[in-house]
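Asker: Quick one: structure below, then a few questions.
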Amino acid sequence: MQARDMNLCVLAKKCGISYSTIQTTARRGGQLSVETIERICLGLLWFPIAAAVHRRF
């Protein structure tokens, strides 16, 4: 996340996931659901594309 200049709060907002879900999982060393992991992956993939398009216009 540091390479993308993100923290857990920014990640949660970009992916449409509650911050508490990510924070609690990180603290407890738990596992995220498959749906949550998919949302994070899509968010991380979409974020650079949206930023590039926004810079272009």
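Asker: Give me the pairs, please: first residue somewhere in the range 12-28 and over 14 Å from Glu38 (Cα atoms), second residue anywhere and hydrophobic (A, V, I, L, M, F, W, C), beta-carbon distance under 6 Å, and either six or more positions apart or on two chains.
Answerer: Within 6 Å, the pairs are Tyr19/Cys9; Tyr19/Ala12; Gln23/Leu8; Thr25/Leu32.
Asker: Here's another thing I want to ask about it. Checking the structure you have, find out if any residue of the range 25-40 is out of contact with any strand residue (DSSP E or B) (no Cβ under 9 Å at 6 or more places or on another chain), modelled with pLDDT of 80 or more, open to solvent by 50 Å² or more (accessible area, probe 1.4 Å) and of a type in the set (S, T, N, Q).
Answerer: Going residue by residue through the range 25-40, those that are out of contact with any strand residue (DSSP E or B) (no Cβ under 9 Å at 6 or more places or on another chain) are 25-40.
So of that shortlist, the ones also modelled with pLDDT of 80 or more come out as 25-40.
If we keep only those that are open to solvent by 50 Å² or more (accessible area, probe 1.4 Å) too, we end up with 26-29, 31-35, 37-39.
When the remaining residues are screened for being of a type in the set (S, T, N, Q), the result is 31, 33.
Taking every residue of the range 25-40 in turn, at least one turns out to be out of contact with any strand residue (DSSP E or B) (no Cβ under 9 Å at 6 or more places or on another chain), modelled with pLDDT of 80 or more, open to solvent by 50 Å² or more (accessible area, probe 1.4 Å) and of a type in the set (S, T, N, Q).
The values are calculated or read from the model by the stated rules, or taken from the named source; none is laboratory data. Computed from a prediction, not measured in an experiment: that's the story for all the values here. Positions of Cβ are generated from backbone atoms using ideal geometry, with glycine treated the same way; all protein chains shown enter the neighbour counts. Ligands, DNA and RNA are excluded from the accessible area calculation, which covers all protein heavy atoms including side chains. Shrake-Rupley method; radii C 1.70, N 1.55, O 1.52, S 1.80 Å.
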